[in-house]
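Worksheet for the structure shown next.
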Amino acid sequence: MQLPNKHLSKLDCDILYHLGFDTVKHDLPAMFGDIKFVCMGGTKYRMKDVAAHISQLLNIPCDFNNMVKQAKRYVMYKVGPVLCVNHGIGIPSMTVVLEEVLKMLFYAKAKDPIFFRLGTSGGMGIPAGSVVISSWAMNGTLEKIYDLPILGKTKTFPAIFDQRLNQELYSIACHEDYNTYVGGTMTANDFYRGEGRTDGAFCDYTESDKMDFLQTLVGLGVKNLEMEATAFSAITKEAGLRAAELCITFLDRLLGDQVTPDGQTLSQWQKRPAIIVGKYIEAYYNTKK
Ligand code: URA
């Protein structure tokens, strides 16, 4: 893999601050040169569960040693060629760790790793517990872009996912006993008003304004609302890598705002994206063995 930032070659040592690695003290090629897949998701616990699932599937032991413990920020588990990393909530938390993982794998000379985001979301007119594979993401002003202010000017990047990878994932998912949809995702910068909820600490619009907005999204092909997809698709694409996002839906936002299923149900549902991604990785791993 290559990274387009020419400044990196001028650094004698690159400190990956939020991971607690640097290019002098750590032999990144020995540690991560074999990485072929990166699974990311919000919480530490979900990513540990994903690592356990992959470990069982590929029959590769995992010591569940958090490799980035020293930085006291995120978790990272390695299971053979698969890296499982959490990213917290929202775009800034996600892009910090994503950019450092990209640099880490670049220094490690990893070969074209594929990135997956296994997330949670609110569904749009689909049953809770469904999986959505994102074909594109739109921001809060309904543009299919990731917009980032850089040196005082807003720069925009396309937020489109890899169609072929999505088809491959869907061909696995369609055999599972829950619904999977391929469709658009809206990425909000806020869980409450940003996702059109009326149950936050503040609300300055009516229930009917909210429903009009949600129906507009449905009309545009949006299948779920979450908080990272625009940046995740744009940044992985800028790095020249294939990436997909698979989210479980915790509720149908056309029916309400609150996440009502009990913890056990939510934990069971959260395994669904990992089951699909696990089968994809397993098929690849078995052909290469
Ligand atoms: N995550 C979100 O961003 N929204 C939801 O409704 C559920 C999970």
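The values are calculated or read from the model by the stated rules, or taken from the named source; none is laboratory data. Quantities reported herein were computed from a predicted structural model and do not represent experimental measurements. Positions of Cβ are backbone-derived with ideal geometry, glycine not excepted, and every protein chain shown enters the neighbour counts. Note: accessible area is taken over every heavy atom of the protein model, side chains too, but ligands, DNA and RNA are not part of it. Shrake-Rupley method; radii C 1.70, N 1.55, O 1.52, S 1.80 Å.
May I ask you to order 167-176, 121-130 by the average number of other C-beta atoms within 10 Å around their residues, highest value first? The partial results should precede the final answer.
Details: 167-176: 15.4, 121-130: 21.0.
Result, highest mean Cβ count within 10 Å first: 121-130, 167-176.
Checking every one of the chymotrypsin sites (Phe, Trp or Tyr not before Pro) in segment 38-96 against DSSP loop status and a limit of 15 other Cβ atoms within 10 Å picks out F64.
Taking the 0 to 90 degree range and rounding to the nearest ten, how far is the long axis of helix 229-238 tilted relative to the main principal axis of the chain, both from C-alpha atoms? Roughly 40 degrees, rounded to the nearest 10.
Within the chain, what whole-number % of the accessible surface is contributed by carbon and sulfur, with the 1.4 Å probe and all protein chains included in the calculation? Can you show the working numbers first?
On the way: 7360 of 13800 Å².
Of the solvent-accessible surface of the chain, carbon and sulfur hold 53 percent.
Within the shell defined by Cβ-Cβ distances under 14 Å, the residues around M138 carry a net charge of -4, with Lys and Arg each +1 and Asp and Glu each -1. Taking the helices alone, the chain has a mean residue ellipticity at 222 nm of -11000 deg cm²/dmol, built from -39,500 (n - 2.57) per DSSP H run of at least 4 residues and averaged over all its residues. Seen through its C-alpha gyration tensor, with square-root eigenvalues sorted a ≥ b ≥ c, segment 1-151 comes out oblate because a/c lies at 1.5 or above while a/b is not bigger than b/c. The residue list V38, V75, F21 was ranked by how far each Cα lies along the charge dipole of segment 20-81 toward its positive end, using unit charges on Cβ atoms, and V75 comes out on top.
Hey, what's segment 1-117 come to in accessible area per residue, 1.4 Å probe, Å²?
Working: 5690 Å² over 117 residues.
Accessible area per residue, segment 1-117: 49 Å².
Couplings 3J(HN,Hα) for segment 272-289, derived from phi with the Karplus relation 6.51 cos²θ - 1.76 cosθ + 1.60 (θ = phi - 60°), are 4, x, 5, 5, 5, 5, x, 5, 4, 5, 4, 4, 5, 4, 5, 6, 7, 5 Hz, where x marks Gly and Pro.
Neighbours of T95 by Cβ distance under 13 Å: Lys/Arg scored +1, Asp/Glu scored -1, total -3.
Given their separation in residues at 0.36 nm each and the Cα-Cα distance between them, A283 and F191 gain 29.6 nm when the chain is fully extended.
On alpha-carbon atoms, Rg over Rh for segment 130-236 using Kirkwood Rh? Write down the numbers at each step before the final one.
Numbers: Rg = 15.2 Å, Rh = 14.9 Å.
Using Cα coordinates only, the ratio equals 1.02.
Rounded to the nearest 20 debye, what is the charge dipole size of the chain about its Cα centre when +1 sits on each Lys and Arg Cβ and -1 on each Asp and Glu Cβ?
Numbers: 31 positive and 31 negative charges, 206 e Å.
With only Lys, Arg, Asp and Glu charged at Cβ, the dipole is about 1000 debye.
I need the chymotrypsin sites (Phe, Trp or Tyr not before Pro) found in segment 183-244, filtered to DSSP loop residues with at most 10 other beta carbons within 10 Å of theirs. Within segment 183-244, the qualifying chymotrypsin sites (Phe, Trp or Tyr not before Pro) (loop, at most 10 other Cβ atoms within 10 Å) are F202. Cα-based radius of gyration for the chain, normalised by 2.2 N^0.38 Å, reads 0.99.
What the phi angles of segment 184-194 give under the Karplus curve with 6.51, -1.76 and 1.60, with θ = phi - 60°, is a coupling list of x, 10, 9, 9, 9, 9, 7, 6, 8, 4, x Hz, glycine and proline written as x. Bridge orientation summary for the chain: considering DSSP beta bridges with both residues in this region, about 40 percent are antiparallel.
Loop-located trypsin sites (Lys or Arg not before Pro) in segment 42-84 (DSSP state other than H, G, I, E, B) with a sparse environment of at most 11 neighbouring Cβ atoms within 10 Å: K72.
Residues whose amide H lies under 5 Å from that of V79, counting only those 5 or more places away or on a different chain, are C84; hydrogens are built 1.01 Å from N in the peptide plane. Which one, G256, L220, F161, projects farthest toward the positive side of the charge dipole computed for the chain from Cβ point charges (K/R +1, D/E -1)? The listed residue farthest towards the positive side: F161. Around M124, with a cut-off of 12 angstrom between Cβ atoms, what is the net charge of the other residues, counting Lys and Arg +1 and Asp and Glu -1? Neighbourhood net charge equals -1.
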